[in-house]
1. Just checking, does the range 619-631 include any residue being part of a loop (DSSP other than H, G, I, E, B), of a type in the set (D, E, K, R) and more than 25 Å from I217 (Cβ to Cβ)?
2. So which residues in the range 1-27 are buried (at least 16 other Cβ atoms within 10 Å of the Cβ) and among the aliphatic types (A, V, I, L, M)?
3. I need the full set of residues from the range 81-105 which are closer than 14 Å to A39 by Cα and of a type in the set (D, E), in order please.
4. Given (1) modelled with pLDDT of 90 or more; (2) over 18 Å from E501 (Cβ atoms); (3) basic (K, R), identify the lone condition not met by K559.
5. Considering only the range 646-664, how many residues are closer than 22 Å to W524 by Cβ and outside any helix (DSSP H, G or I)?
6. If you check every pair at least six apart or on different chains, which have Cβ atoms under 6 Å apart with a residue in the range 250-271 that is of a type in the set (G, A, S) first and a residue that is assigned to a loop (DSSP other than H, G, I, E, B) second?
7. Identify the single condition in (1) β-branched (V, I, T); (2) in contact with a Pro (Cβ under 9 Å, 6 or more places away or on another chain); (3) under 22 Å from L129 (Cβ atoms) that T22 does not satisfy, given that it satisfies every other one.
Amino acid sequence: MNENQRQALLRRAHALAESGETAAAVAAYRQASEPKYAARVLLAAERPLDAAGELLRACGVSPGTRVFQPRWIQTRSANERELLKMASICFRRAGDLDTYVALTVGLGERERAVQALMAAGKTVEAARLQASGESSAQLMAEERLALAKRLEAEGKAESAFAMYVEAGAPMDAARVALSLERFAEAGRLFTEAREDLRAANAWERAGDHVQALASYIDVPRDTPGIEAIDQRIADLACRTNTLDARVDARIQEIFLRLPSGPEEAERNVRLSRLYAAHGHHDIALEFIDGVLVRIPAHPEALELQKKFEAARGSEKDRLKSILEEEERFRAASSRTGLPDLPEHDALPDLPDGFTSFAQTAMARAKRRIAGQESFADPSPPPGSPTNSTGQVAASPTTADLASESSEASGPLQLEIGKEIAGRYRLEKELGVGGMAVVYRAYDTDLEEHVALKIFTQTVDDEVMLKRFKQELLLSRRLNHPNILRLYDIGTVQGRRFISMELLKGRDMADYLGKPVQFRLGINWMMQACDGLQAAHDAGVVHRDMKPHNLFVCEDGSVKVMDFGIAKNPSTNLTTDKMIAGTPDYMSPEQINGFSSVGPSTDIYALGITAFEIFCGRLPFVHDETVPLLLMHVGEPPPDPRSINPRIPDPLAELILRMLAKDPSHRPKSCADLRREFETVQQEIA
């Protein structure tokens with residue numbers, strides 16, 4: 001690379017850094033041999049250990065190294081010593097005081113290391129360092145390293161391996177692990193040392209092709225032989241049926257082009273099958289079209305072209321049919337003569353079947369594009385917290401509910417202070433909307449405050465009646481601290497009402513519009529997982545999981561709400577062609593076949609919610625519903641780090657797995673997902 005090319009590359013790297021594209025900027029700086037710039041970008045993204053790794057790599061040291069011999073440091077060039085000094089600062093910022101002290105002492109700045117130890121309250125360690133010139137941690141590490149080398153020389157590989165691990169020497173430990181044919185441990189240690197190519201080779205020898213693929217993706221683009229690595233990425237992606245955001249980006253960048261010959265044509269045919277398997281028929285067709293340009297009579301490509309075109313057409317036809325059916329349902333369900341009620345932010349979430357979700361999605365998307373931070377969607381009422389004792393008031397039976405059909409005459413007329421249904425004394429109106437009024441009421445039977453949601457629709461609406469019955473029956477099976485408790489349903493003035501637990505706080509949507517603190521957002525996600533797992537254990541899938549159906553109480557607890565369109569497998573209540581759900585959060589399988597979804601659908605919706613929590617925006621936004629749904633079905637989500645570079649890698653990768661198009665590639669259950677969030681929280685603590 002000549003100087004003009006290097007300067008052009010630097011300008012590109014600067015532009016990428018300014019636009020917040022951290023990974024691309026670091027790769028460009030690395031290619032331009034500017035580790036200091038790369039480290040600064042990583043520090044700005046709050047990734048100090050990665051910044052230190054870049055600086056160590058530039059000194060010819062494995063990024064995972066934590067043991068530094070003072071004599072080795074003293075023999076480095078002036079430029080390398082400057083890089084090591086920057087690395088020491090990165091380690092201190094990351095909280096790795098031992099490595100900071102070891103590097104600082106080796107660089108001849110013992111007094112600075114002593115001051116750092118004193119500031120951290122390690123006075124004994126500081127005194128030892130001042131007296132001996134070497135930290136006890138460094139001496140201990142060096143002693144372990146010397147012992148490990150002696151054990152290895154004596155042929156005691158198992159003991160040497162364990163001692164290398166204790167000494168913080170992952171490269172040496174990985175080397176010995178390979179000699180012991182412990183390939184998975186070697187892969188883990190090479191990954192820790194950020195030796196991605198060696199890690200990939202070890203993972204392959206261990207037979208873990210998914211981990212091997214992840215390591216190959218992490219190999220820097222300036223690595224010699226990168227073309228062969230790219231080919232291996234394509235092969236492993238097809239072999240493991242893996243197509244996450246990073247794999248997709250690499251494959252499209254490298255391989256979405258005209259094949260140069262028969263071998264590349266066969267590879268592109270395999271890639272087309274991979275994309276089709278994940279529902280990306282448009283991209284699959286691009287691969288096939290390229291093959292047919294080179295080999296017009298390719299029999300398999302011709303067959304796949306017809307198959308993919310038919311699949312793409314059926315997807316669009318199905319989505320159009322969904323919207324037409326929903327519009328017919330909305331028109332049939334509309335009522336005339338009802339009073340216009342003002343909008344109010346405190347109205348609880350309503351069953352979604354009565355409002356065209358096409359209009360809802362369009363309004364939400366336009367508000368997002370206009371830059372608004374939140375939506376005025378209905379939310380559950382605030383109030384004082386109440387304690388569910390487990391008592392359930394006597395409620396109408398299914399037969400009673402089916403037989404009730406009193407007509408409403410005129411507007412709903414209720415007075416504060418009056419008692420309705422023989423037990424609920426109305427105390428305060430909490431929210432009013434176009435379809436319901438919410439009151440705080442005192443339940444004289446249970447002797448506690450409740451929320452009453454009274455709908456303006458009359459009870460002769462069979463679909464509404466079905467929703468009421470289902471939500472109450474499901475709620476009685478779902479007694480969990482993270483699920484909103486429903487008590488009873490009944491009628492007043494010909495309208496149906498629900499009594500439920502009264503909460504104090506706000507729905508989660510009120511907190512969105514900008515990124516939420518990581519620890520807080522992860523805590524919300526773990527509680528949502530707990531509530532949903534309880535539902536899944538009872539055989540119930542929510543199917544409308546979104547921030548408006550998650551309530552954050554003042555004590556920090558989170559409640560899952562609104563099981564009105566949930567699926568009870570034993571009754572299959574939502575297979576009546578009525579489309580329910582919220583397009584912004586609907587999973588691909590929910591869009592393709594609403595009645596056949598499972599718990600993984602709720603995990604996908606939680607993934608959209610998590611993306612919105614930590615990025616401050618939705619992953620897919622469009623002002624028309626059909627394109628929005630097609631994005632969920634066929635378009636990979638953006639990497640959360642491309643929107644919020646501060647998101648830690650483990651959290652971003654977990655969110656992307658939650659958003660996998662194939663349900664089998666998502667976390668297996670909400671219980672597993674909760675454990676993964678807990679692990680991420682510990683890693684970023």
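1. Yes: one or more hits.
2. Scanning the range 1-27 gives L9, L10, A13, L16, A17, A23, A24, A25, V26, A27.
3. E82 - this is the single residue of the range 81-105 that is closer than 14 Å to A39 by Cα and of a type in the set (D, E).
4. The one condition K559 does not meet is (2).
5. Residues that pass the stated criteria total 5.
6. A265/P259; A265/I295
7. (3)
The rows are residues; the columns are (1) buried (at least 22 other Cβ atoms within 10 Å of the Cβ); (2) modelled with pLDDT under 90.
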position	(1), (2)
C553	no, no
S596	no, yes
S600	yes, no
I608	yes, no
C615	yes, no
D623	no, yes
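The values are calculated or read from the model by the stated rules, or taken from the named source; none is laboratory data. As the structure is a computational prediction, the values presented were derived from the model and not from experiment. Positions of Cβ are backbone-derived with ideal geometry, glycine not excepted, and every protein chain shown enters the neighbour counts.
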